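One structure is given below, encoded as structure tokens.
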Protein chains: 2
Amino acid sequence: MGDSRGILIVVSGFSGAGKGTLMKALLKNYPEQYALSISATTRQPREGEVDGREYFFITKEEFEKMIAEGELIEYARYVENYYGTPRAYVEQKLEEGKDVILEIEIQGAMKVKTAFPETLLMFVTPPTAGELKRRLMGRGTEPEDVIDSRLRRAAEEADGMDQYDYLVVNDNVENCAEEMHGIIQGEHRRCFRNMEFMERIKQDLQRLKGE
Amino acid sequence: MGDSRGILIVVSGFSGAGKGTLMKALLKNYPEQYALSISATTRQPREGEVDGREYFFITKEEFEKMIAEGELIEYARYVENYYGTPRAYVEQKLEEGKDVILEIEIQGAMKVKTAFPETLLMFVTPPTAGELKRRLMGRGTEPEDVIDSRLRRAAEEADGMDQYDYLVVNDNVENCAEEMHGIIQGEHRRCFRNMEFMERIKQDLQRLKGE
């Protein structure tokens, strides 16, 4: 059964919630099902980063051409640099039936949801507010302004949580990755993702009634 | 984490899709998690039916008193008899944190959804339109009017499928029960079912920011 197109999945969450590790676990455990979208950016690669793995590293001119030609699903400018999600790769993988994961911030998530209303939005959180606090405060040795900026950022992220579809608690990476996978499997059974199947059944029943 | 109230779940589906067997498998495999709502009816018990197991068998006067006093979540009249879902049992089990399953028809399902917007609606279908056809047509030995009435009913049910949240394919009872269980587990992670948890995190972050 089922319509064969993949699901576009946005994963956001508090910093330190372990999103990157979760994504790696999902891709490792289900390489046939998932594809991870790779962002394009104009910032310089850091040591160890590989073009086409962490990011597509492109020039400002190339980036602005992609914006102008509608080749980005969403993009944002942080400090001096652009970050964005190239459309072609995402579309291609969805067509192939893969569920495509974008790991992006809330502002980008909302833009993607507007452009693709069937996007599945997941928010990753540590198991308790106390644990979140510990992760944000660190060992208490960071400068006060670093802690302040983390807290402000987390409070902003928390305000946006309601906009997500699912809240995923990362207490243990393998368990949490399995939980995310379970949620995504369930989402494939959503009625609005199975319109072709339902239409086929309706038409067959109408035909039978007429016979 | 998580808010502790259970989820109200409505299960509907084509006749012959195996809803009853699926419910039994869910309750057998996860007796701590699920409770099955038992309908009240004014019809006479059939052979082998036990009061409080298949139905609560009550009189017309008792049923109409329950209607008048708002003690039914939904009810309907078929032929000469009333059928309805008593509110008290459902509320009690939800409070206890159990997920309560109602196996009812689409009209009842829509009434429940209106009264309780957070209700989860699942529709059970055979794996293909061809298989549905075989189940509806039987061995071709039934009278034509029986087949006709089944087809009309199935076509009506199919028209309502879009109103459900999930479409569940019953190819194999144990697999399908596991799939339903997975969907329900996922639903517990929906943001709107975890408002208390999210509120707590927001408040904690606001407090930390102010310190």
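The values are calculated or read from the model by the stated rules, or taken from the named source; none is laboratory data. Computed from a predicted structure; not experimentally measured. Cβ sites come from the backbone with ideal geometry, for glycine too, and all protein chains shown count toward neighbours. We work out accessible area using only protein heavy atoms, side chains counted, and drop any ligands, DNA or RNA first. Shrake-Rupley method; radii C 1.70, N 1.55, O 1.52, S 1.80 Å.
Students often get this wrong, so check it: of A:LYS133/B:LYS202; A:LYS202/B:LYS111; B:LYS19/B:LYS133; B:LYS111/B:LYS133; A:LYS111/A:LYS133; A:LYS19/A:LYS60, which have C-alpha atoms separated by over 20 Å?
Numbers: A:LYS133/B:LYS202 11 Å; A:LYS202/B:LYS111 23 Å; B:LYS19/B:LYS133 17 Å; B:LYS111/B:LYS133 29 Å; A:LYS111/A:LYS133 29 Å; A:LYS19/A:LYS60 28 Å.
Listed pairs above 20 Å: A:LYS202/B:LYS111; B:LYS111/B:LYS133; A:LYS111/A:LYS133; A:LYS19/A:LYS60.
Leaving ligands, DNA and RNA out of it, work out the accessible area of A:ARG200 with a 1.4 Å probe and give it in Å² to the nearest 10.
120 Å²
For segment A:1-66, build the charge dipole from Cβ charges (+1 Lys, Arg; -1 Asp, Glu) around the Cα centre, then report which of A:SER12, A:GLN33, A:PHE57 sits farthest towards its positive end.
My answer, from the dipole projection, is A:SER12.
Under the convention of a label 7 Å out along Cα→Cβ, give the distances in nm from A:ALA76 to the same position in every other copy, shortest first.
4.8
Taking a probe of 1.4 Å, how large is the accessible area per residue of segment A:15-170, in Å²? Before the final figure, lay out the partial values.
Details: 8250 Å² over 156 residues.
Per residue, segment A:15-170 has an accessible area of 53 Å².
On the rotation axis linking copies B and A, which residue of B comes nearest by its Cβ, and by how many whole Å?
Measuring from each Cβ to the axis, the minimum is at B:GLY186, 2.
Based on DSSP, what percent of beta bridges with both residues in the protein assembly as shown are antiparallel, to the nearest 5?
Values: 17 of 55 bridges.
Here the antiparallel bridges make up roughly 30 percent for the protein assembly as shown.
If R0 is 25 Å, what FRET efficiency do you get for A:ASP171 and A:PHE57 from their C-beta distance, rounded to 0.05?
Numbers: r = 35 Å, r/R0 = 1.40.
Efficiency at R0 = 25 Å is approximately 0.10.
Mean residue ellipticity at 222 nm from the helices of chain A, using -39,500 (n - 2.57) per DSSP H segment of n ≥ 4 over the full residue count, to the nearest 500 deg cm²/dmol? Intermediate values should be presented prior to the final figure.
On the way: 8 runs with 96 residues, N = 211.
Theoretical 222 nm ellipticity from helices: -14000 deg cm²/dmol.
Using 1/(1 + (r/R0)^6) with R0 = 45 angstrom and r between the beta carbons of A:SER15 and B:ARG46, what's the FRET efficiency to the nearest 0.05?
Working: r = 62 Å, r/R0 = 1.37.
Computed FRET efficiency for A:SER15 and B:ARG46: 0.15.
Could you run the numbers on buried accessible area between A and B, total for both chains, 1.4 angstrom probe, in Å² to the nearest 100?
Working: alone 12600 and 12600 Å², together 21520 Å².
Counting protein atoms only, the buried area is about 3700 Å².
Quick one: helix A:144-160 against the long Cα principal axis of chain A, what's the angle to the nearest 10°, folded into 0 to 90?
Value to nearest ten degrees: 20.
Restricting to Cα atoms and excluding each atom paired with itself, what does the Kirkwood estimate give for chain B in Å?
Numbers: mean 1/r = 0.0525 Å⁻¹.
Computed over chain B, the radius equals 19.0 Å.
Pairwise over distinct Cα atoms, reciprocal of the mean inverse distance: report the Kirkwood radius of the protein assembly as shown in Å, one decimal place. Could the numbers behind the result be given before it?
Numbers: mean 1/r = 0.0411 Å⁻¹.
24.4 Å is the Kirkwood radius here.
Does segment A:64-126 come out rounded, prolate or oblate by the C-alpha gyration tensor, with a ≥ b ≥ c the root eigenvalues, rounded set by a/c under 1.5 and, if not, prolate when a/b is larger than b/c and oblate if not? Can you show the working numbers first?
Details: a/c = 1.94, a/b = 1.10, b/c = 1.76.
Oblate, because a/c is 1.5 or more while a/b does not exceed b/c.
Checking the a/c ratio against 1.5 first, then a/b against b/c, what shape does the Cα gyration tensor give for segment B:1-100?
Details: a/c = 2.06, a/b = 1.33, b/c = 1.54.
Since a/c reaches 1.5 but b/c is at least a/b, the shape of segment B:1-100 is classed as oblate.
Using r as the Cβ-Cβ distance of B:ALA88 and B:ASP159, and R0 as 25 Å, what FRET efficiency do you calculate, to the nearest 0.05? Don't skip to the end; give the middle numbers.
Details: r = 33 Å, r/R0 = 1.31.
With a Förster radius of 25 Å, E is 0.15.
In whole percent, and with a 1.4 Å probe on the protein chains, what portion of the accessible area of the protein assembly as shown is carbon and sulfur? Working shown, then result.
Details: 10350 of 21520 Å².
The C+S portion of the solvent-accessible surface of the protein assembly as shown is 48 percent.
Using a 1.4 Å probe and counting only protein heavy atoms, arrange B:PHE197, B:PHE57 so the residue with the most accessible area comes first.
Values: B:PHE197 5, B:PHE57 40 Å².
Final ranking, largest accessible area leading: B:PHE57, B:PHE197.
What residues of segment B:195-211 lose no less than 50 Å² of accessible area with every protein chain in place versus their chain by itself (probe 1.4 Å, heavy atoms only)?
Those residues are B:PHE197, B:MET198, B:ILE201, B:LYS202, B:LEU205, B:LEU208, B:LYS209.
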